[in-house]
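Right, one structure below, let's go through it.
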Amino acid sequence: MTHQGPIQLLPRIPPSARFALAAIVVAMLVYVMASLEQPPVAQPDDDPVPTIVAVPELDRQILAGAQDATREQRLAIEVEPLRHLLSKSIDVGPSVASALGAPDRPVPVAEVRDNLATMRLRWLWYEGVLEELSGPREGHPVRNYSIYEATVRLADGNHVLATFSIPPPEGVKAGDWVRVDGYLLKLRDTTYPRAIERAPMLVGRAMQRDYEDWPPVTVLDPNVFAKVDDRSAFPGDPMWRTVEEDQDVPLWHLAAYARDTAASRTLADWRAFPVLNAHDHHEKLKDHEVPRGTPIRIVGPLIQRTSMAAPSNPAGISSWTVAWIQVREFGGHVIPVWVPKRVDIATRAQLEVRGYYYRWLAYETNRNRGYRIPLFVAADLDLYQLETGAAMREIGLWIGGSLTLFLVLLLWSQHRTARSSLEHSRAMDARRRRRRERTSTRKSLTTPSS
């Protein structure tokens, strides 16, 4: 038996099937690339209890009694509005202040004066030189509290007046650098002991000792961490301290170092450091064999994030962000990271945080289970970036080569099929012509001559 026509290396594929096959290949490539870019995520089983911040409810009718349209009104202090704000601000710490919309930077006094209608009753803060301090005096609406007053001169020469409830830090005196915050009640004028015009009057909880700003921290000092105590996890021990409660030199030093050296290390530099995982790190961290300040990458999705205004500190930190990142390689647990700035990023974003080990943190989950977990400090919450090294380029070349070979074979098969079809069509035409010629010849031979 003889074979007619060219040999087909690939079966004939209808056009619709070819397009469907190509679509499947493209979909597989997209799926593979997406899987490489986003590592698998386990379901969290130890989410921390979400932070719920209750803010004071102000009585606008009482506060409407504070007037400052004229000099006579600015010289007076309305008792009921003042007492109302003193009672409402007694529990306003950094977390509540952040929930109230405290700004990251002091609002210029000129801006407050020009926009008094919108700025009134906002929670503001300022730092400067303490010029006058008085108190305690009676009249506080809350039992066992007294009223204190301070006059603070800002760096630009303007003044701010503050009324608060907590005694000032021990040893603070005129000439010291302090920070005051509180609700903006009104603008005030004074005549004694110095003449002041249209100064913002804040009513808050306390006056804080402020610090002279540090220069950039570019060298980590291990001796700073000598006072960090995280070897006991009994309730109330230092391991349970939140970022708001742990404001001290060790945290400020590490946070400033992370921030001030962030630009000196590239992503490639950081990828020379290990990724946090249970196999390499859990036992060493538990046995305190990992020095504080050790760089370790934390990779996983962002589970929870909160921000707060920072208390006074010498590192120039105005806000803190607390992030919880689920690390599959660490048993699927969520790992806390403290960032010395406000970070706005969507939850479930895939992160590759460039962190520094700080200490152990104890916390309670939303299932009332206690956990002890390593805590890190980082300059930012960095999004996960797909590796672009030699291995990824090799994978890309293999994928691209395979796709190119598939398309070449597909096109070659189409060309062979089209050519075979054309040759077959020509052969059939020739056969039909020969058949017609033979038929015509037979007819001419059988036709009688006239």
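Scanning the stretch 124-144 for residues that are touching an Asp or Glu at 6+ places or on another chain (Cβ under 7 Å) and either acidic (Asp, Glu) or on the phi < 0 side of the Ramachandran plot (or both) yields LEU124, TRP125, GLU127, LEU130, SER134. Would you call ILE62 buried (at least 18 other Cβ atoms within 10 Å of the Cβ) and either at pLDDT 90 or above or in contact with a Phe, Trp or Tyr (Cβ under 6 Å, 6 or more places away or on another chain) (or both)? Taking the combined requirement at face value, the residue does not satisfy it. Residues in the stretch 222-237 that are touching a helix residue (DSSP H, G or I) at 6+ places or on another chain (Cβ under 6 Å) and within 11 Å of LEU361 (Cα to Cα): ASP229, ASP230, ALA233.
Looking across the stretch 87-130, the residues that are part of a helix (DSSP H, G or I), within 18 Å of LYS186 (Cα to Cα) and either of a type in the set (Gly, Ala, Ser) or in contact with a His (Cβ under 6 Å, 6 or more places away or on another chain) (or both) come down to SER87, ALA110, ALA117.
Residue count for the stretch 91-114 satisfying the condition of being in contact (Cβ under 8 Å) with a residue 24 or more places away in the chain and within 19 Å of the chain's Cα centre (by Cα): 6.
Candidates TYR363, TYR371: the one that is buried (at least 18 other Cβ atoms within 10 Å of the Cβ), in contact with a Phe, Trp or Tyr (Cβ under 9 Å, 6 or more places away or on another chain) and of a type in the set (Ser, Thr, Tyr) is TYR363.
Being surrounded by fewer than 22 Cβ atoms within 10 Å (Cβ to Cβ), touching a residue at least 60 places away in the same chain (Cβ under 8 Å) and either of a type in the set (D, E, K, R) or assigned by TED's automatic domain parsing to the domain that holds LEU267 (or both) is the requirement here; does VAL322 meet it?
On the way: surrounded by fewer than 22 Cβ atoms within 10 Å (Cβ to Cβ): yes; touching a residue at least 60 places away in the same chain (Cβ under 8 Å): yes; either of a type in the set (D, E, K, R) or assigned by TED's automatic domain parsing to the domain that holds LEU267 (or both): yes.
Here the answer is yes, as VAL322 does meet what is asked.
Applying a threshold of 6 Å to beta carbon distances and a minimum spacing of six or more residues, or different chains, the list of pairs starting in the stretch 250-266 at a residue that is over 12 Å from TYR356 (Cα atoms) and ending at one that is part of a helix (DSSP H, G or I) reads PRO250/VAL224; PRO250/PHE225.
In the stretch 139-150, is there at least one residue being assigned to a strand (DSSP E or B), among the aliphatic types (A, V, I, L, M) and surrounded by fewer than 21 Cβ atoms within 10 Å (Cβ to Cβ)? The answer is yes, given that some residue of the stretch 139-150 is assigned to a strand (DSSP E or B), among the aliphatic types (A, V, I, L, M) and surrounded by fewer than 21 Cβ atoms within 10 Å (Cβ to Cβ).
Condition check ((1) out of contact with any Gly (no Cβ under 7 Å at 6 or more places or on another chain); (2) assigned to a strand (DSSP E or B)) across all residues:
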| residue | (1), (2) |
| --- | --- |
| ARG188 | yes, yes |
| PRO193 | yes, no |
| MET201 | yes, yes |
| ASP213 | no, no |
| ASN223 | yes, no |
| ALA226 | yes, no |
| PRO235 | yes, no |
| THR242 | yes, no |
| ASP246 | yes, no |
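Just a yes or no: is a residue in the stretch 325-333 among the hydrophobic types (A, V, I, L, M, F, W, C), surrounded by fewer than 19 Cβ atoms within 10 Å (Cβ to Cβ) and either more than 26 Å from ARG372 (Cβ to Cβ) or at pLDDT 95 or above (or both)? No, the stretch 325-333 contains no residue that is among the hydrophobic types (A, V, I, L, M, F, W, C), surrounded by fewer than 19 Cβ atoms within 10 Å (Cβ to Cβ) and either more than 26 Å from ARG372 (Cβ to Cβ) or at pLDDT 95 or above (or both). When we screen GLY204, GLY293 for residues that are closer than 30 Å to HIS140 by Cα and either touching a helix residue (DSSP H, G or I) at 6+ places or on another chain (Cβ under 9 Å) or touching a residue at least 60 places away in the same chain (Cβ under 8 Å) (or both), the only hit is GLY204. Only a single criterion out of (1) buried (at least 19 other Cβ atoms within 10 Å of the Cβ); (2) of a type outside the set (S, T, N, Q); (3) part of a loop (DSSP other than H, G, I, E, B) is not satisfied by VAL219, namely (1). Scanning the stretch 275-305 for residues that are in contact with a strand residue (DSSP E or B) (Cβ under 6 Å, 6 or more places away or on another chain) and surrounded by fewer than 17 Cβ atoms within 10 Å (Cβ to Cβ) yields VAL275, VAL290. Kindly evaluate LEU133 against the criterion of being under 17 Å from ARG113 (Cβ atoms) and assigned to a strand (DSSP E or B). Taking the combined requirement at face value, the residue does not satisfy it. ALA195 meets all of the listed conditions (1) assigned by TED's automatic domain parsing to the domain that holds SER89; (2) at pLDDT 95 or above; (3) among the aliphatic types (A, V, I, L, M) but one, namely (2). Restricting attention to the stretch 267-282, the residues being touching a residue at least 12 places away in the same chain (Cβ under 8 Å) and either among the basic types (Lys, Arg) or assigned to a loop (DSSP other than H, G, I, E, B) (or both) number 5. Residues that are under 30 Å from ALA262 (Cα atoms) and either basic (Lys, Arg) or in contact with a strand residue (DSSP E or B) (Cβ under 8 Å, 6 or more places away or on another chain) (or both) within the stretch 187-218 comprise GLN208, ARG209, ASP210, TYR211, GLU212, listed in sequence order. For the stretch 251-271, a tally of residues being under 26 Å from SER98 (Cα atoms) and either in contact with a strand residue (DSSP E or B) (Cβ under 8 Å, 6 or more places away or on another chain) or hydroxyl-bearing (Ser, Thr, Tyr) (or both) returns 6. Within the stretch 151-162, being assigned to a strand (DSSP E or B) and either hydrophobic (A, V, I, L, M, F, W, C) or under 36 Å from the mean Cα position of the chain (by Cα) (or both) holds for VAL152, ARG153, HIS159, VAL160, LEU161, ALA162.
The values are calculated or read from the model by the stated rules, or taken from the named source; none is laboratory data. None of these values were measured; they are calculated from a predicted model. In this analysis, Cβ positions are derived from the backbone assuming ideal geometry, glycine residues included, and neighbour counts consider all displayed protein chains.
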